[in-house]
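The values are calculated or read from the model by the stated rules, or taken from the named source; none is laboratory data. Note that this is a predicted model, so its numbers are computed, not measured. Virtual Cβ from ideal backbone geometry, glycine too; neighbours counted across all protein chains shown. Areas reflect the complete protein model, heavy atoms only, side chains present, ligands, DNA and RNA absent. Shrake-Rupley method; radii C 1.70, N 1.55, O 1.52, S 1.80 Å.
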Amino acid sequence: MGGNFVDPRDPTRSLMSEQKAVEALEWLRARMWDDKVMATLDMQKTGTQRAFVSGQVATIEDGSWALKDILTKASFKIGVAPFPAGPVRRVTLASTDGFGIYAAPAIPRRPGS
């Protein structure tokens, strides 16, 4: 079985530091930066859809809600495929959850705030 972001039985418990989760994230990192077959975070300035329809990237990961807009804007034939299988299984994260780690030191609170 592959890794998880959070414990399926207790979503308040992070599992991102476990070896299987780290391996899954490393697999994604390698697809982006080593193989260059997935859009990278630097596409945030352009936007993945815009980068795709302008030919800057060959594939993007997006939801079905984006397909109509992509089909309207692209000047080439579009194909849709399932997300590639990782080293353990095929999986995506479909959620409104967000994860972040604040890197700066804590800001002291002012009295009364």
Practice task
Starting from region 57-82, keep only residues that are within 26 Å of TRP33 (Cα to Cα), then list their pairs with residues that are among the charged types (D, E, K, R) and open to solvent by 100 Å² or more (accessible area, probe 1.4 Å) whose Cβ atoms are within a distance under 7 Å, requiring at least 6 positions of separation or different chains.
Solution key: PRO82/ARG90
Practice task
Name the single residue, out of those in region 38-56 being open to solvent by 90 Å² or more (accessible area, probe 1.4 Å), modelled with pLDDT under 80 and of a type outside the set (Lys, Arg), that is farthest from GLU23 (Cα to Cα).
Solution key: GLN44
Completion exercise
Note on region 90-99: residues modelled with pLDDT under 70 and not hydrophobic (A, V, I, L, M, F, W, C) are SER95, THR96, ASP97, GLY98
Completion exercise
Reported set for region 5-28 where residues are open to solvent by 90 Å² or more (accessible area, probe 1.4 Å) and in a helix (DSSP H, G or I) is GLN19, LYS20, GLU23
Exercise for the section: Taking the residues in region 57-89 that are at pLDDT 85 or above, in contact with a helix residue (DSSP H, G or I) (Cβ under 9 Å, 6 or more places away or on another chain) and aliphatic (A, V, I, L, M) as candidates, determine which candidate is most open to solvent (accessible area, probe 1.4 Å). Expected result: VAL80
Completion exercise
Of the listed residues (ARG89, ARG50), the one being basic (Lys, Arg) and part of a helix (DSSP H, G or I) is ARG50
